[in-house]
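Working notes, beginning with the structure itself.
The values are calculated or read from the model by the stated rules, or taken from the named source; none is laboratory data. Values in this document were obtained by computation on a predicted structure and should not be read as measured data. For neighbour counting, all protein chains shown are included, and Cβ atoms are generated from backbone atoms with ideal geometry for every residue, glycine included. Note: accessible area is taken over every heavy atom of the protein model, side chains too, but ligands, DNA and RNA are not part of it. Shrake-Rupley method; radii C 1.70, N 1.55, O 1.52, S 1.80 Å.
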Amino acid sequence: TGDIKLMEKDANSFASAFLLPKCVMESEFTKPVTLFGLAKLKVKWRVSMQALIFRAKDLKIITERQATYLFTQMAIRGWRTREPSNLDIRTETPQLFRKMIEGLYENLDKYAEDMSLAEKRASEMALFA
């Protein structure tokens, strides 16, 4: 129940606070907030530059006008749809789950059988790629 836009806003607020905690972000942003500074934070915190701008605005580290200026600068460079490729964040490959399963099972086929995955070999599952 409730307004979808409000629910989306709440979800974004939660994600922002979870990924970029206020107590840390207030010390991480150096003034003036620039695209160069945002690029460094993007690599460190593994979030988009746009997410960092929104968070800085929400925390009142920058004003609405400064956020608009930064978004405009990103748009001029074509970074609103594709941030610089040299700042791409590599996709992490989960390892702990596989190690946990390997610790519990000597044979991944036994795991597949226990999980009703007998028709597929566990070692071939994308989960273990």
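In the chain, a dipole from Cβ-located charges (positive for Lys and Arg, negative for Asp and Glu) runs towards its positive end, and of 116, 6, 30 it is 30 whose Cα lies farthest in that direction. Just the protein heavy atoms count here, and of the accessible area of the chain at 1.4 Å, carbon and sulfur take up 57 percent. Summing Cβ point charges (Lys, Arg +1; Asp, Glu -1) relative to the Cα centre of the chain gives a dipole of roughly 940 debye.
Solvent exposure of the chain, expressed per residue, is 75 Å² of accessible area, with all protein chains present and a 1.4 angstrom probe. A straight Cα-to-Cα reach below 19 Å connects residue 57 with the aspartates and glutamates 8, 10, 26, 28, residues fewer than 8 places away in its own chain not being considered.
Our coupling estimate for region 55-60, obtained by passing each phi through the Karplus curve with A = 6.51, B = -1.76, C = 1.60 and θ = phi - 60°, is 5, 4, 5, 4, 7, 6 Hz, Gly and Pro reported as x. Plainly put, region 10-69 has a radius of gyration that is 0.92 times its Kirkwood radius, both from alpha-carbon atoms, as the Rg/Rh ratio. Were the residues from residue 13 through residue 100 laid out at 0.36 nm apart, the gain over their Cα-Cα distance would be 28.0 nm. Going Cα to Cα from residue 60, which lysines come in below 30 Å? Please leave out same-chain ones fewer than 8 positions away. Cα-Cα hits under 30 Å: 5, 9, 22, 31, 40, 42, 44. Helix 64-76 versus the longest principal axis of the chain: what is the Cα-based angle in degrees, 0 to 90, to the nearest 10? Value to nearest ten degrees: 70. For region 1-99, the list of trypsin sites (Lys or Arg not before Pro) that fall in a loop by DSSP and count at most 12 other C-beta atoms within 10 angstrom reads 46, 60, 77, 82, 90. Please grab the % of Cα pairs in the chain that end up more than 25 Å from each other. So the portion of pairs separated by more than 25 Å is 48 percent.
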